[in-house]
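What follows draws every value from the coordinates through simple rules; no lab data is involved. Just so we're clear, the structure is a prediction, and the values are computed from it rather than from any experiment. Please note: Cβ atoms are built from the backbone with ideal geometry, for glycine as well, and neighbour counts cover all protein chains shown.
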Number of protein chains: 2
Amino acid sequence: MQMGEGVEWGLHCLLALAWLEEHTPVATGRLAEIFELPPEYLKKRLQPLVRAGILASSPGARGGYALARRPEEITLMDVVAAVEGREEAFRCTEIRKQGAGALAEADEFGEPCGIAKAMRRAEMAWRRELAAQTVADVMGLASGGAPARVRRFYQDITL
Amino acid sequence: MQMGEGVEWGLHCLLALAWLEEHTPVATGRLAEIFELPPEYLKKRLQPLVRAGILASSPGARGGYALARRPEEITLMDVVAAVEGREEAFRCTEIRKQGAGALAEADEFGEPCGIAKAMRRAEMAWRRELAAQTVADVMGLASGGAPARVRRFYQDITL
DNA sequence: GTTCAGATACTCGGATATGAAGTGTCCGAGTGCAAAGGG
DNA sequence: CCCTTTGCACTCGGACACTTCATATCCGAGTATCTGAAC
């Protein structure tokens, strides 16, 4: 059970875009330089964020990506759901109905499997914590010098 | 981000073993029949539980698996950690130190990355909920007829 | 000098290869039972 | 009839293929800018 690196990359890019406060779109090549990431692959990873309405993409020359909403209105849950999907990590295959369970009455399986309920309970706690934190909150956790450093770095590479 | 089926299979087997209340070990073939699972593959999935000290294995004829502890002393966290590993789902690769971050002072990265902290916070909530629920608790969530049905089914296939 | 048309360079989006990890199967090592032989 | 010994059948454990998903890359569609000429 392991989360893909798309979440980490996406969140870092969202923070960078918020700090830059650019009103013109930022191309993936520039974003990739900020974190030394493979540009083509980063582009593929940001596309789910566009489809989810978190990023706005502008095609053509001088195109690129920009935040579609304010950082306070983007939760970590939104990002994780966009990149990793909305389905639950634990998926119940209803094996309780097989073998010994095949002998049971049909109405006995009215409510969901106890194991699925227990796992779902834990996963809901996880989702709740993700939904309670926004990109703006995470920006506050970063070191104070980071915003200015990103802005300066971006100005240098756009020369 | 998806959890392997080993957790589901392992938990169902733990519940079945607890309900059987057998003092002699139960072979994987019997367990597999209870849920109509591939026997050889189920065996592979139960091995991590043995290494974690949740199941006790007996080799040789009349061998098999038995609970190593009482159901009240086995948390869902124990099972998930044994099967899926103890490492966190979100792994920080410290890309904040690359690119623009390379220009920062070294002491600026004293405390962990804000993104990692936020993700860790959510994951800790998940782990807390898993650790708060035991196999005995999950047994209580199952339908009332399940224990007797499993016992009867097991008696039939051991004839 | 201004305007318009065309070419150009740069961007995103999806379709296409590659690698690792999860999934599934197999064979060998070890153990307890059972049966046969001897006392 | 009881004990010992030998063989055997059954079990787990780890080593070996295969499939699926994540990773990494490439090419095509589209747009704003820049250049040039005409008015």
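So what is the calculated 222 nm ellipticity per residue for chain A, using -39500 (n - 2.57) for each DSSP H run with n of 4 or more, over all residues, to the nearest 500 deg cm²/dmol?
Working: 7 runs with 83 residues, N = 159.
My calculation for chain A gives -16000 deg cm²/dmol from helical runs alone.
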Query raised in the report: Cα to Cα, under 27 Å, and not fewer than 8 places away if on the same chain: which lysines meet these conditions relative to A:LYS43?
Result: B:LYS97, B:LYS117
Report task. With springs only between Cα atoms under 10 Å apart, run a GNM on chain B and tell me which of B:MET124, B:MET139, B:MET77 wobbles the most. Result -> B:MET124
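Nothing charged except the Cβ atoms of Lys and Arg (+1) and of Asp and Glu (-1): what's the magnitude of the dipole of the protein assembly as shown about its Cα centre? Round to the nearest 20 debye.
220 debye
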Report summary line: Sorted shortest first, the nm distances from the B:GLN98 label point (7 Å along Cα→Cβ) to its counterparts in the other copies are 4.1
Report summary line: When the charge dipole of chain B is computed with +1 on Lys and Arg Cβ and -1 on Asp and Glu Cβ about the Cα centre, the Cα farthest towards its positive end, among B:TRP9, B:ILE115, B:VAL150, belongs to B:VAL150
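So for region B:6-157, averaging the separation of alpha carbon pairs under 8 Å that are six or more residues apart and normalising by length, what relative contact order in percent results?
Working: 143 pairs, mean separation 47.6, N = 152.
It rounds to 31 percent for region B:6-157.
Per-residue mean of other chain beta-carbon atoms within 10 angstrom of the beta-carbon, peptide A:99-107? Can you show the working numbers first?
Numbers: counts 13, 15, 10, 3, 5, 4, 2, 0, 1.
Mean number of neighbouring Cβ atoms from other chains: 6.
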Requested in this report: Report, in whole Å, the centroid distance computed from the Cα atoms of region B:1-35 and region A:62-80.
Outcome: 44 Å
Query raised in the report: Relative to the other copies, what are the label-point distances for B:ILE157, with labels 7 Å from Cα along the C-beta vector, expressed in nm at one decimal and sorted shortest first?
Result: 5.8
